[in-house]
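Have a look at the structure below before the remarks.
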Amino acid sequence: AKDIASKLNEILGIGGGGTWYWWSEKQRAEGVARLQNESQQSIEHGDFAGLETSLKKLGESLEKDNSNILTFAYVVETAGLEALLYGTDADRVDKAYKSAIAEIKANDEGYRELVIGKAAVELSRLGTGEGNAGAIAGASKSTLAEVIKSLDEQLEKKPDDKWAQWLKGRAQLAGGERKAAKAQIKAAADAG
């Protein structure tokens, strides 16, 4: 009877620990998902306060789980948009992008955010090259073509993606395609 009681305590102890681990992991995953969702809601309008709130939420998410690749994808998107819209540090976009791109492939969750963030940060860098004001250097033309290509691919998957539409319009504007840019930016504005 003593052996049976000992075995029963062993089983219950292991089971209790397993249940505790499962429950704490579930709570952590739910907390990360909640923070990710809140971060995405914060960037809807592209205002500085919303982008900063998003980055704060993503920082909290990384504190809970610093290996969550989707969080890194959201950081790329948010920090990329902030770099383009408000001239903030683009290096954090590059760091988060490098952390996520090896893990996220074209059809994976988070890939869209990588495309948006990378396009935004590359557009933010176009104006930093030397040369004539308004003229785009050869390397910048190549980067601009890559940005437009990645945004076109995103828009094929989801034609109503307002950030992809708006960024494509910005890219077209940078490339001197004013009429097409105006139509693209209007489509983004009409989408909300």
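The values are calculated or read from the model by the stated rules, or taken from the named source; none is laboratory data. Every value quoted in this text rests on a predicted model; they were computed, and no experiment measured them. Cβ atoms come from the backbone with ideal geometry, glycine included; neighbour counts cover every protein chain shown. These area figures cover heavy atoms from the full protein model, side chains too; ligands, DNA and RNA do not enter into them. Shrake-Rupley method; radii C 1.70, N 1.55, O 1.52, S 1.80 Å.
Here are the numbers:
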{"quantity": "Enumeration of residues in segment 88-115 that are assigned to a helix (DSSP H, G or I), of a type in the set (G, A, S) and open to solvent by less than 10 Å² (accessible area, probe 1.4 Å)", "calculated": "A96, A100"}
{"quantity": "Odd one out for L85, checked against (1) in contact with a Gly (Cβ under 7 Å, 6 or more places away or on another chain); (2) open to solvent by less than 40 Å² (accessible area, probe 1.4 Å)", "calculated": "(2)"}
{"quantity": "Test for T53: is it without any contact (Cβ under 8 Å) to a residue 24 or more places away in the chain, open to solvent by less than 70 Å² (accessible area, probe 1.4 Å), at negative phi and not in a helix (DSSP H, G or I)", "calculated": "no"}
